[in-house]
Structures are given as structure tokens and as C-alpha cells.
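Quick one: structure below, then a few questions.
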Amino acid sequence: MNQESLWSIFINAVLINNFVLAYFLGICPFLGVSGKMETATKMGGAVTFVLVISSLCAYGLHSLLAAIGAPYLELISYIVVIAATVQLVEMFIKKVSPVLFNALGIFLPLITTNCVILALALFQTNKGYNFVQCLVYALASGAGFTLALVLMAGIREHLDLAEPPNIVKGTVLTLMIAGILALSFMGFAGLGSN
Amino acid sequence: MSIQTTNKANEGFWDKLASSPSTDEYMKGLFRENPVFVQVLGMCSTLAVSNTALNGLAMGLATTFVLLMSNILIASLRNVIPKQVRIASYLLIIATFVTMTDYAIQAISVELSKALGAFIALIVVNCQILGRAEAFASKNTVWRSILDALGMGTGFIIALLCLGTVRELLGNGSIFGIPVFPDSFQEWVIMILPPGGFFMLAIWLMVFNAMKQRKAV
């Protein structure tokens, strides 16, 4: 059993080992929906929600699979649970806020193939977190993802007014900003024990 | 992205090279529709494992294997899988092959398995594989799907090697673990750290954009 304190898990997942900027997870939505601040925050919210639910499901699944001695089914069962959760969230958002549903567009069903979600399930299994630790880890990763997305959206909103040369427009520029953000996040490395 | 424009720009060149449709099916994945540089798919694994050339190559081969096997299976089952549950079925098929690959790599080399870490398991959520299943294998014959998978896989390996060699060369002074520069070379450690991945990919994309623009003029 892992004895890491909850506070250390939180700081680690949000700042030091930020899923987007240090582990390169969830780059697709990071590049895709970081154009506007509003969509970015809502996307972050949706991802955090899915993260928490799927993390708890993964915790239960892991115990179950360990009990019946079939660890090789882990990956397959995780992805099924994630796909189902995303479907649920999609129906929920469509019902509650059609505007948000349209704004997120294709990126909503693509949360299924967002590496952050599956990676969280795998990491928490590897680290042997208990139930509460899993919950904190899921919340912190969601917060970290949202933080990266919001930072990027803020910068890109300002960049709309700038006029970069043609060859760096679009993805290239976003990647360069991401590089600089990653560079500055490396400064958090000394905050906690890795 | 701008696949349309690239198509137009390259038409003359590719017509000459691709005399038969089969060759074209394979060749399109290499550069014209390169999964990383043109379609900008599968970024997560591209950035994460391209810190050395060897890791990149291993990841590329693993992804190609999964892509090939799942493309074959999906193409042969395309008339059996009901439309409503197709994505879920694709994910199951892909996850099965990824589990196999994961165990195979652990059996072959523990060191490599440690270096790639969770990213082997994360091939499941590589958008490129699901994308090929949805956009190609579910609509085409098995033979064409095989060609498509091999082409896309090779394109992915090329992209990973492009990133991996440069990052390893600058960050570690070596290629495939063999030192190239004299000892006096000061390594750019930043290149093998996360920011280096972002910068390197940006630079490669910029090169591709510049080439596209030149052809368009």
C-alpha cells in the first residue's frame, strides 16, 4: 500500500507532474479546444468529472480482477468503463446545456480516447493507491488538466491580435507556447519529493 | 487540416511514383497523409516516447503491429459489426491487441518496457488507430486495409525517428545509444525533457508547412 500523503499527491498531479505538460497526456484536446477561455474551462470540468467517475470505477474493477485472478483483462475492462462513462456524460450535457454540447463538438465523444483518463486509471493501479488517494489523485489530475488548458486558452486569446508568419500559424504556434509553458512548469520540480 | 491542399500540390509528383492503386494506398501514409506531421494525430505517444531514437522505433513498431492487426480484424468484420456499437467494438479489438503487445514487450525486454512505461498500454487511446478503423478499415477490403495500416505505421515510425534522432542527438550526443559528438560537446539536456519534445515537434511541423507552401506557390 502506498503511504503518500494526500497533499503531496495533489501538488504532484497539479504542478510537478502535470499530465499535459510533463507527461504529454491529453495533447489532442489541449491543442484542439484551447482556443477560447470559456470552452476551455468547461472542457476541463467535463474531463475532471469523467476522471473522478472512471477513477473510482477503475479502483473497483482492479480489486475485482485481482480477486478473480485475471489482471490481463484490466486494460480491456478499463476502456469499456471509460467509454460508458463518456457516453453518460455526453447525454447529460446534451440534455442540460445544448449550447455547451455544440461548443465542445467532436471533442466530447473524444474524451473516450483522451489519454488522461486511461492513464490515470493505469497510474493509480501501478502506484497502489487506496480509495481516498485515488479520489484525490483524480481530482488533482483534472485540476492540472484544466489549469494547463486555461493557461493556454488565455495566451491564445491574446495571440489572436498578433500577426505571426504564415508557417507558424495554428498548431506550430500552439506547440511552441506549450513548450514554454512546460519549461516554466519544470520550475515546480523542487516543490515535493518526486 | 490541409490535406486537400497537399493533395493538389503533390498530384504531379505522386502520380508518377504511384503507378498502381495498391502502391498509392501504402505510399499515402508516408508523407502525403503522414499521421503525425500532416494529420496531427497520436500526439501524446509521439511526444512522450521520442526522447531517444530507440524508444521511438520500438513505440512505432508496437503501434504499427496494433494498427495492422486491428485493421485486418475490423476490415474482415466490417459487415458483421452493427453500426450503433461500432466504436465500442473497435475499442475492444484494439485493447485486446494492445494487451498482447504489452505482455510481449515485457517478455522481450524489461528495460524497454520500463522506458516506454504506461505508453504501451496507452496505444489503446491513440486517436490514430481508432481514426484508421473508423475512416478506412470499416469501409474497405482486408487487403487495402493491410496496405493502409502498413503505410500509416511506416509514416508514424518515420515521424518518431525524425523526432527521436534529433532529440537524442542534441540532448544526449548520441544516435541509437552510439555517441557521435566528442566529449567536449555540451548536451542540451532540455531536448530530452518535456519542453524539448514540444519545441522539436513544432520545428518539424514548421518545416513541413514551409515545404507545403513552397509547393503551393
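Bear in mind these aren't lab numbers, they're just calculated from the coordinates by the rules spelled out. Only a predicted model underlies this, so the values are computations on that prediction, with no experimental measurement involved. Neighbour counts are summed over all protein chains in view; Cβ atoms, including those assigned to glycine, are modelled from backbone coordinates with ideal geometry.
Across 5 Å bins from 0, what is the distribution of all Cα-Cα pair distances for chain A, in whole percents?
P(r) over chain A, rounded to whole percents: 1, 8, 16, 18, 18, 15, 11, 7, 3, 1, 0, 0.
Which of B:Trp143, B:Trp188, B:Trp204 comes first, and how do the rest follow, when ranked by fewest Cβ neighbours within 10 Å?
B:Trp143, B:Trp188, B:Trp204
Please give the net charge around A:Thr146, taking every other residue with its beta carbon less than 15 angstrom from that of A:Thr146, where Lys and Arg add +1 and Asp and Glu add -1.
So the surrounding residues net to +1.
Measure out, as a whole number of angstrom, how far apart the alpha-carbon centroids of the range B:19-55 and the range B:143-217 sit.
Using only Cα atoms to place each centre, the spacing works out to 11 Å.
A follow-up question, please. Quick one: if you take sqrt(5λ) for each eigenvalue of the C-alpha gyration tensor of the protein assembly as shown, what semi-axes come out, biggest first, whole angstrom?
30, 27, 24
Taking only the alpha-carbon atoms of the range B:107-217, what semi-axes of the equivalent ellipsoid follow from 5 times the gyration tensor eigenvalues under a square root, in whole Å, largest first?
Result for the range B:107-217: semi-axes of 31, 22, 13 Å.
Using the structure shown, select from A:Lys95/B:Lys83; A:Lys42/B:Lys83; A:Lys169/B:Lys28; B:Lys28/B:Lys215; B:Lys139/B:Lys215 the pairs with a Cα to Cα distance greater than 20 angstrom.
Pairs exceeding 20 Å: A:Lys95/B:Lys83; A:Lys42/B:Lys83; A:Lys169/B:Lys28; B:Lys139/B:Lys215.
Given the options B:Val66, A:Ser8, B:Asn55, identify the residue whose Cα lies farthest towards the positive end of the charge dipole of the protein assembly as shown (+1 on Cβ of Lys, Arg; -1 on Cβ of Asp, Glu).
Of the listed residues, the answer is B:Val66.
Continuing with this model, one more query. In chain B, which helices (entire DSSP H runs) extend 30 Å or more along their own long axis, judged by Cα positions, while averaging at least 0.0 on the Kyte-Doolittle scale?
In chain B, the long hydrophobic H runs are B:53-76, B:86-108, B:142-172, B:194-216.
Using the basic label-point model (7 angstrom from Cα toward the beta carbon), what is the A:Asn126 to B:Lys215 distance in nanometres?
3.8
State to the nearest 20 debye the size of the charge dipole of the range A:6-190 about its Cα centre, where the only charges are +1 on K and R beta carbons and -1 on D and E beta carbons.
140
Taking K and R as +1 and D and E as -1, what net charge do the other residues with C-beta under 14 Å from the C-beta of B:Ala75 add up to?
+2
Same structure, new question: With +1 on each Lys and Arg Cβ and -1 on each Asp and Glu Cβ, and nothing else charged, work out how big the dipole of the protein assembly as shown is about its Cα centre, in Debye to the nearest 20.
That gives a dipole near 880 debye.
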